[in-house]
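Below is one structure; the comments refer to it alone.
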Amino acid sequence: MEISADQQPSKRLRVVHLADHTGRLQVIFPEQHMLDIAAVSRITKRRFEPITNFNSEGDPLIKPNSVSSIIESSLLAEPKVLIRLKSDGPYHEIRSDELKTMFSGPLNRFEDISLDIDNIKRPADNHENDEEQILEALGRFQSIRLKQRLEETLEIPPLPASSHRIIRLSADQTAGTDELCEVIALDPSLAAQVISWASSPYYGAPGTIESVEDAIIRVLGFDMVMNLALGLSMGNAFHAPDNGPRHYENFWLDSVSNAVLMEALVKAMPNEKRPKLGHAYLAGLLQNFGYLAISSILPPHFSILSRYYEANAHLPSELVEMQILHFTKEQLGSWLLRYWSLPDNIWTAIRYSKKPHYYGEHATLAKLLYVSHQLRNDLDIDPSVLVEVGLDVEQAETCRKEVYQSSHELHKMVSLIDKMNA
């Protein structure tokens, strides 16, 4: 019986194709579960990886008995399930005994291969408990020697000298263009990045931008250059990973797109609700900083995490992170930014960016990061959050379209960062 996808009388099934050097495996499990790749490896004594880099809809169903398949055993206890032949096709309702008969051949087996997401522990509600939760999580990794404090346990690279200087300058209420130019000039690579940024067709500045002072006065403004320079310099502390999720090849393109979208959203907001434009830009640029931190500080665990991201593209990233690491990239990233003395509103907004109903300090900036994330990932936005930041759906969509239409210019800006950081 064919039914529409918005009806849910029974559990929807997800199909994922895995492979190793000797062949392919089809796994089938409930959509509200996480595929446990480690369990599949234990059962098969093989090391599989997802074939599809990233597919939130799942893979098409391969005809039963034409390829080895493992089906989540808990499905046999369900009266009926929903399955589809194509990843974008309609769901078909079948009884569990029909499912058992369908996969009764020698190539198939029913095993415990997935985890109910309701049983996955959630991150601490309050950032004050993050260090304790991260330390407890790291204690599970036998390869890490724990000390009393998180900064003593993790091998954190030193913050670049240029970042230290800019952070100190941002705390100086009397600082002006001259002081900022002097600080940026001490790092020729950073100065070149800022000048080239301001020269980008994205900003459409007339004439030639020849100095950091030009970039500040004629194009970007003091706050924007301050925060752009800080974000770019901090990016030098970590290098983008080589063994990350295969759909996520360019950390900086994602970060820059996020920053530019945050900029557009702030400009569309009512004046009385707007956070500082430069701070919104910096928060967008650094929102996924925890991703870089995990890849640099915990490379073996990051490699495992990346494969779980790919196999479970239908789930929010924080659920996958909690299952594999027992903390999220937002927790680690915000802790690190706090440890490095970044402004409170930046790390707080990043920490609570996945909590649309956070109402603590700096909530507006956190909610904007949530809106930006939902827009960039084509996910639904809680209408109440849009009301709280003073935007409607049409305005938010217009901001996203503006950024997408500028993607060619953004790629050029990102290629500049990649060259300078090479």
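Remark: spin-label model distance ASP178-ILE217 equals 1.3 nm, labels positioned 7 Å along the Cα→Cβ axis.
Couplings for the stretch 106-117, taken from phi via the Karplus curve 6.51 cos²θ - 1.76 cosθ + 1.60 with θ = phi - 60°, read x, 7, 10, 7, 9, 9, 7, 10, 9, 10, 5, 5 Hz in order; Gly and Pro are left as x.
Ellipticity at 222 nm from helices only: DSSP H runs of n ≥ 4 in the chain, each -39500 (n - 2.57), divided by the residue count, give -14000 deg cm²/dmol.
Multiplying the residue separation of THR101 and SER189 by 0.36 nm and removing their Cα-Cα distance gives an extension gain of 25.2 nm. Let me make sure I get this right: for the stretch 80-211, a, b and c are the square roots of the gyration tensor eigenvalues over alpha carbons, sorted descending. Under 1.5 in a/c it's rounded, otherwise prolate if a/b > b/c, else oblate. Which is it? Taking the square roots of the gyration eigenvalues as a ≥ b ≥ c, the stretch 80-211 is oblate.
As a rough guide to protection, the peptides 389-396, 278-285 ranked by mean Cβ packing within 10 Å, highest first, stand as 278-285, 389-396.
Take every DSSP beta bridge whose two residues both sit in the chain, then give the antiparallel share in percent to the nearest 5.
Numbers: 19 of 28 bridges.
Antiparallel: roughly 70 percent of the beta bridges in the chain.
Note on ALA38 and PHE54: the extension gain reaches 3.9 nm, defined as 0.36 nm multiplied by sequence separation minus the Cα-Cα distance. Over the stretch 6-112, what is the relative contact order in whole percent, taking alpha-carbon pairs under 8 Å and six or more residues apart? Relative contact order for the stretch 6-112 comes out at 30 percent. The simple spin-label model puts a point 7 Å past each Cα toward its Cβ; for ASN119 and ASN65 those points are separated by 3.2 nm.
Which loop-located GluC sites (Glu not before Pro) does the stretch 60-168 contain, where loop means any DSSP state but H, G, I, E or B and the Cβ has at most 13 other Cβ atoms within 10 Å?
Those that pass, being in a loop and sparsely packed, are GLU155.
Inter-label distance, GLU136 to SER87: 3.7 nm, where each label sits 7 Å from its Cα along the C-beta direction. Take the Cα of ALA205, go 7 Å toward its beta carbon, and the backbone nitrogen atoms of the stretch 158-193 under 18 Å from that spot belong to 176-193.
Averaged over its residues, the chain has an accessible area of 46 Å² per residue, based on protein heavy atoms and a 1.4 Å probe.
Other residues within the sphere of radius under 11 Å centred on the Cβ of GLU131, judged by their own Cβ, net out at -3 (K and R +1, D and E -1).
The value of relative contact order for the stretch 152-268, using C-alpha pairs under 8 Å at least six residues apart, is 28 percent. Among 83-91, 183-191, 252-260, the peptide with the highest mean count of other Cβ atoms within 10 Å heads the list, and the full ranking is 252-260, 183-191, 83-91. Around the amide H of ALA19, modelled in the peptide plane, lie the amide H atoms of LEU25, GLU49, ILE51, all under 5 Å away and 5 or more residues distant in sequence or on another chain. GNM, the chain, Cα, under 10 Å: largest mean-square fluctuation among ILE217, ILE167, ILE113? The residue with the greatest mean-square fluctuation here is ILE217. Largest GNM mean-square fluctuation across GLN133, GLN323, GLN148, computed for the chain with C-alpha springs under 10 Å, falls on GLN148.
Heavy-atom surface analysis with a 1.4 Å probe gives the chain a carbon and sulfur content of 49 percent of its accessible area. Amide H contacts of ARG14: PHE29, GLU31, each under 5 Å away and 5 or more positions distant or on a separate chain (H built 1.01 Å from N in the peptide plane; Pro and chain starts excluded). Karplus-based coupling profile of the stretch 72-78, in residue order and whole Hz: 4, 5, 5, 5, 5, 8, 7, with θ = phi - 60° in 6.51 cos²θ - 1.76 cosθ + 1.60 and x standing for Gly or Pro. Only aspartates and glutamates eight or more places from LYS273 in sequence, or on another chain, were considered; those with a Cα closer than 20 Å are ASP223, GLU263, ASP344, GLU361, ASP382, GLU388, ASP392, GLU394, GLU397. Taking a ≥ b ≥ c as the square roots of the eigenvalues of the Cα gyration tensor, the stretch 102-143 is classed as oblate, since a/c reaches at least 1.5 and a/b does not exceed b/c. Across the stretch 18-25, computed HN-Hα scalar couplings (Karplus, 6.51 cos²θ - 1.76 cosθ + 1.60, θ = phi - 60°) run 10, 7, 10, 5, 9, x, 10, 9 Hz from first to last residue, x flagging Gly and Pro. Checking the Cα-Cα distances for LYS45/LYS100; LYS63/LYS121; LYS121/LYS367 against a 31 Å cut-off, the pairs over it are LYS63/LYS121. Classify the stretch 187-237 as rounded, prolate or oblate from the Cα gyration tensor: take a ≥ b ≥ c as the square roots of its eigenvalues, call it rounded if a/c is under 1.5, otherwise prolate when a/b beats b/c and oblate if not. Cα axes put the stretch 187-237 in the prolate bin.
The values are calculated or read from the model by the stated rules, or taken from the named source; none is laboratory data. All values reported here derive from a predicted model rather than from experimental measurement. Glycine gets a Cβ as well: all are built from the backbone with ideal geometry, and neighbour counts include every protein chain shown. SASA here: full protein model, heavy atoms, side chains in, ligands and nucleic acids out. Shrake-Rupley method; radii C 1.70, N 1.55, O 1.52, S 1.80 Å.
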